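Worksheet: one structure, shown below.
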2 protein chains.
Amino acid sequence: MTTLDIDPTWCVGTKAHGGYLLSSIVGPALDEAHPHPMAVSAHYLSSPDAGSAELEIERVRTGRRVASSRLRLAQNGKPCVEVLLTAGKYDADAEPYWTTGEAPVLPPVEDCLRAEARRRDGVTVGFLNHVDMRMDPETVGYATGSPHGKAMNQAWLRRDDGGDPTLLDLLIFADSLPPVTFDLGLIGWVPTVELTVLVRGLPAPGWCRAVQRARLLQDGWLDEECEVWDSAGRLVVQARQLAGYRLD
Amino acid sequence: MTTLDIDPTWCVGTKAHGGYLLSSIVGPALDEAHPHPMAVSAHYLSSPDAGSAELEIERVRTGRRVASSRLRLAQNGKPCVEVLLTAGKYDADAEPYWTTGEAPVLPPVEDCLRAEARRRDGVTVGFLNHVDMRMDPETVGYATGSPHGKAMNQAWLRRDDGGDPTLLDLLIFADSLPPVTFDLGLIGWVPTVELTVLVRGLPAPGWCRAVQRARLLQDGWLDEECEVWDSAGRLVVQARQLAGYRLD
């Protein structure tokens, strides 16, 4: 059992950001032979507060190419996040053998809107102190009462300290964009139940681009699909979550 | 600890089918208040053989809307599959609040090709005794040396006994289509490392349609995205796996 210290500057209100949690849980489970998270599946049970939490790491299998672990975060004995991790080692020079799809097209960074950590309702969205996220203006119409109604948004992302993205940063970026429900005019809390992130390769230095979409809102549940592309135009993350929404 | 008896008639060669395993692992973890698997994340460590295996079920949290469990399948003490499950209860009459995308367009069932359990190389693909899968002829060109090169395939699916699909059947269907690598002319084993299935609602009676696609083959790894649509044209499954491929 390891102690994880949840940094209050990453919290949204009093609760830890989901992507920050994922990154913090996965980091200690990596090793020299398996330094790269490849597939990370998280089921979120309850949101821990800033402060001390208990991280349990169990290496289940160490194979030739990949190692798999079960990870559990609890706070004061209450389970918060359950994670399965498969990690391995990517070749930094790998080229796509076959691919489809295109990187999202965004206005230049300087024409996009930085997402502010201080919301107008006074809540601090702490992770935005650490993540410099520049939203495509067309996809944040909800902020001025004109959502564009496509259940889609997109943004440029980088570390606020200007550093190049790491694979653990990608786990954060995969859960950074606002809920796509906002783009449908539904301004309510969208709690993540499950989030799986496939990290597909090592990101090039510089700004990443992310695009997030939903396919189906039904019965109080929606999917949110997030792709992250690096500055070289490579797909580096495929993530999908199941989250709740409310109409009232 | 429960004993799971892996049925040899579901095996591919001597190894249990991944979707059958998932369905068999998840079934015993459901209860009356949470009868529907909503999000299932599986990391496959080693393939069990037919026969007896040990299933460990741990309910981690029981909430108002959902219950979450950790599930582990092992055989002779060797870990085989690690699963996280979030289950709840869907409204059978739920209508989409918002949706995008279209059900795959396939030729009529009678013009599609039934996938045979007995392969030409003599291996038995046992699950095809239980799943009646009719492939779109255009997407099985690889069988006659003419793959169509789109990393895509699609099929009609139902239970071989003619019964209506259950939610557990959907977990099987989500892992039933041939590897999309075949459609690129890569005829090799494609072991699943991780598979997450979102079940989005209760399927209507009758044939389901499934479509499977890849976005990126790189560095020996590919994603396979599988959508399953029910006979009423509703999206009922969104699944994605990370799997390995070899060029030789």
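Miscellaneous remarks
- Filter result (touching a Gly at 6+ places or on another chain (Cβ under 6 Å) and part of a loop (DSSP other than H, G, I, E, B)) within the stretch A:191-204: A:Pro191
- In the stretch A:76-113, of all residues being more than 26 Å from A:Ser231 (Cβ to Cβ), within 7 Å of another protein chain (Cβ to nearest Cβ) and out of contact with any Asp or Glu (no Cβ under 7 Å at 6 or more places or on another chain), the one that is surrounded by the fewest Cβ atoms within 10 Å (Cβ to Cβ) corresponds to A:Pro79.
- Of everything in the stretch B:191-207 that is touching a strand residue (DSSP E or B) at 6+ places or on another chain (Cβ under 6 Å) and surrounded by fewer than 21 Cβ atoms within 10 Å (Cβ to Cβ), the residue that is farthest from the other protein chains (Cβ to nearest Cβ) is B:Trp207.
- Filter pass, A:Thr181 being within 16 Å of A:Val40 (Cβ to Cβ) and among the hydroxyl-bearing types (Ser, Thr, Tyr): no
- For the stretch B:28-74, a residue qualifies if it is away from chain A (no Cβ under 13 Å) and of a type outside the set (A, V, I, L, M), and the qualifying residues are B:Pro28, B:Asp31, B:Glu32, B:Pro35, B:Pro48, B:Asp49, B:Gly51, B:Ser52, B:Glu54.
- Filtered residue count, the stretch A:151-190, keeping only those that are part of a loop (DSSP other than H, G, I, E, B), more than 15 Å from the chain's Cα centre (by Cα) and surrounded by 20 or more Cβ atoms within 10 Å (Cβ to Cβ): 2
- Only residues that are surrounded by fewer than 18 Cβ atoms within 10 Å (Cβ to Cβ) and part of a loop (DSSP other than H, G, I, E, B) were counted across the stretch B:1-23, and they come to 4.
- Where A:Gly220 falls short, out of the listed (1) small (Gly, Ala, Ser); (2) within 30 Å of B:Thr62 (Cα to Cα); (3) surrounded by 22 or more Cβ atoms within 10 Å (Cβ to Cβ): (3)
- Flag if B:Gly63 is of a type outside the set (Lys, Arg), under 28 Å from A:Ser41 (Cβ atoms), assigned by TED's automatic domain parsing to the domain that holds B:Gly27 and at pLDDT below 95: yes
- Residue selected from the stretch B:24-56 under the condition of a type in the set (A, V, I, L, M) and in a loop (DSSP other than H, G, I, E, B), by the criterion farthest from B:Ala74 (Cα to Cα): B:Ala33
- Test for B:Arg59: is it over 20 Å from B:Val193 (Cα atoms), charged (D, E, K, R) and part of a loop (DSSP other than H, G, I, E, B): no
- Test for B:Arg134: is it modelled with pLDDT of 95 or more, surrounded by fewer than 20 Cβ atoms within 10 Å (Cβ to Cβ) and outside the structural domain of B:Ser23 (by TED's automatic domain parsing): no
- Any hit, the stretch A:89-111, residues being of a type in the set (Gly, Ala, Ser) and within 20 Å of the chain's Cα centre (by Cα): yes
- Filtering the stretch B:53-75 to residues that are exposed (fewer than 14 other Cβ atoms within 10 Å of the Cβ) and among the small types (Gly, Ala, Ser) leaves only B:Gly63.
- Apart from one condition, A:Ile6 fits all of (1) at pLDDT 95 or above; (2) more than 18 Å from the chain's Cα centre (by Cα); the exception is (2).
- The requirement of being among the small types (Gly, Ala, Ser), surrounded by 23 or more Cβ atoms within 10 Å (Cβ to Cβ) and closer than 18 Å to B:Val193 by Cα is satisfied by B:Ala42.
- Every pair of residues 6+ apart whose Cβ atoms lie under 6 Å, when the first sits in the stretch B:79-91 and is touching a residue at least 12 places away in the same chain (Cβ under 8 Å) while the second is acidic (Asp, Glu): B:Leu84/A:Glu82; B:Thr86/A:Glu194; B:Tyr90/A:Asp219
The values are calculated or read from the model by the stated rules, or taken from the named source; none is laboratory data. For clarity, every value in this text was computed on a predicted model and none was experimentally measured. Please note: Cβ atoms are built from the backbone with ideal geometry, for glycine as well, and neighbour counts cover all protein chains shown.
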